[in-house]
Structure formats: structure tokens, C-alpha cells
Amino acid sequence: TVRAGRLLNLLLVLQQGGRFTAAQLARRLAVSERTVLRDLEVLSGSGVPVYGVRGPGGGFELLDTFQQTFILLSQVHD
């Protein structure tokens, strides 16, 4: 489905590392900020350790340990 593909794309963007605002993610995925926020809730509810940081310089990112695990898993399936 379209949503599953979007969730995977969101996860791939986040696993690149760094912190992204909802606006940055929305631009990268060509969706609204509200859609990004809903998708982040879905990922979080599925056990993906996404967390948000408020304030200046804030945004959303993955825990480092998950990024490393995801990269290793993606290399196994290449």
C-alpha cells in the first residue's frame, strides 16, 4: 500500500542519522506535516524507537542502537 511504502521511506530517512523536523520530513516525503506526525506515531507504536526533541534544534530521530541494527539487517538482505 501507499502508506506502507511511505512508512518505509520515513524509516529510511530517519536511519540516515541526524534530527529532522516534521517540516523537513514532510518535504522529503512530499506529504503534509500532519501526515508525518501520524506516521511517526505509527512507527513508534510498532516498536521503532523514534523520539522527538522539543525546542530550538529539535526534531525527530531514531535511537543510535536501532540505526545500527537496521543498517546491519538491510545489509544482510541486499
(message) Which three extents, in angstrom, do the Cα atoms of region 1-61 have along their principal axes, listed largest first?
(response) 35, 24, 20
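So how strong a dipole does region 8-53 carry about its Cα centre when Lys and Arg Cβ are +1 and Asp and Glu Cβ are -1, to the nearest 20 debye? Each step should come with its number before you reach the end.
On the way: 5 positive and 3 negative charges, 26 e Å.
Value, rounded to 20: 120 debye.
Each reported figure results from applying straightforward, stated rules to the coordinates on display, with no laboratory input. Source: prediction; values computed, not measured. In this analysis, Cβ positions are derived from the backbone assuming ideal geometry, glycine residues included, and neighbour counts consider all displayed protein chains.
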